[in-house]
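S.K.: One structure is given below, represented as structure tokens, and several questions about it will come after.
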Amino acid sequence: MWQTLIAVLGTLAAVAITSGYQARAARTARQETRRAEGLAAVEALVAALADHRRAMWFREDLRLRGEDWSAARTESHATRSAITGPLLRVQLLLPAAAGAAQDAAAAVYALRNADGHPTLNAARTDALTASDDLVAAVGRHLAA
């Protein structure tokens, strides 16, 4: 009788330990997947911000020089809309970096309607800094 009871308790303990390990492994896998998705979202956002920053600088440079900038305007509209998806993903997957992501997008949008080349270049520098700040914020979040 005691042998049967010990065998049953041993089996139950083994099941409990195995279930605990499996739950932990599943939780770790979910965290790694979410981390990878967050990194991919940040990568896509930083690339989209760089594309829009380049397009806006070119557009505003043409406008300030008094040249035809209609084609550059069309391109800047496309690059601006390309920011929306990655920005949303960063905000949802990495809420700790949402503020830095929004600041980086706002800094890129601020290149519009510069009143001169010094202002345009300063806005470009601010946008680069904000993008770097976003990457640093994500790095701090992921390191924690």
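S.K.: Here are some conditions: (1) in contact with a Pro (Cβ under 7 Å, 6 or more places away or on another chain); (2) exposed (fewer than 14 other Cβ atoms within 10 Å of the Cβ). Gln22 meets all but one. Which one does it not meet?
M.R.: With (1) in contact with a Pro (Cβ under 7 Å, 6 or more places away or on another chain); (2) exposed (fewer than 14 other Cβ atoms within 10 Å of the Cβ) applied to Gln22, the lone miss is (1).
S.K.: Across segment 80-124, what is the number of residues that are within 29 Å of Ala144 (Cβ to Cβ) and among the hydroxyl-bearing types (Ser, Thr, Tyr)?
M.R.: 1
S.K.: Could I ask something else about it? Taking segment 96-118, which residues are part of a helix (DSSP H, G or I) and farther than 11 Å from Ala137 by Cα?
M.R.: Gln102, Asp103, Ala104, Ala105, Ala106, Ala107, Val108, Tyr109, His117, Pro118
S.K.: On to the next question. Can you name the number of the only condition in (1) of a type outside the set (S, T, N, Q); (2) surrounded by fewer than 19 Cβ atoms within 10 Å (Cβ to Cβ); (3) touching a Leu at 6+ places or on another chain (Cβ under 9 Å) that Arg65 fails?
M.R.: Checking Arg65 against (1) of a type outside the set (S, T, N, Q); (2) surrounded by fewer than 19 Cβ atoms within 10 Å (Cβ to Cβ); (3) touching a Leu at 6+ places or on another chain (Cβ under 9 Å), the one that fails is (3).
S.K.: Within segment 88-108, restricting attention to residues that are closer than 21 Å to Asp51 by Cβ and touching a His at 6+ places or on another chain (Cβ under 8 Å), which residue is surrounded by the fewest Cβ atoms within 10 Å (Cβ to Cβ)?
M.R.: Here the residue is Leu94.
Okay, residues lined up against (1) out of contact with any Phe, Trp or Tyr (no Cβ under 6 Å at 6 or more places or on another chain); (2) assigned to a helix (DSSP H, G or I); (3) within 17 Å of Arg124 (Cα to Cα):
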{"residue": "Gln3", "(1), (2), (3)": "yes, yes, no"}
{"residue": "Ile6", "(1), (2), (3)": "yes, yes, no"}
{"residue": "Gln22", "(1), (2), (3)": "yes, yes, no"}
{"residue": "Val46", "(1), (2), (3)": "yes, yes, yes"}
{"residue": "Leu49", "(1), (2), (3)": "yes, yes, yes"}
{"residue": "Gly66", "(1), (2), (3)": "yes, no, no"}
{"residue": "Ala78", "(1), (2), (3)": "yes, yes, no"}
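S.K.: A further question follows. Does any residue in segment 132-144 that is closer than 16 Å to Glu37 by Cα come within less than 7 Å, Cβ to Cβ, of a residue that is at pLDDT 90 or above and not in a helix (DSSP H, G or I) six or more places away or on a different chain, and which pairs are these?
M.R.: Close Cβ pairs (under 7 Å, with a partner that is at pLDDT 90 or above and not in a helix (DSSP H, G or I)) amount to Val138/Leu94; His141/Leu94.
S.K.: When residues of segment 19-76 are filtered for being under 24 Å from Leu128 (Cα atoms) and of a type in the set (S, T, N, Q), how many remain?
M.R.: 2
The values are calculated or read from the model by the stated rules, or taken from the named source; none is laboratory data. The structure displayed is predicted, hence computed values, not measured ones. Cβ atoms come from the backbone with ideal geometry, glycine included; neighbour counts cover every protein chain shown.
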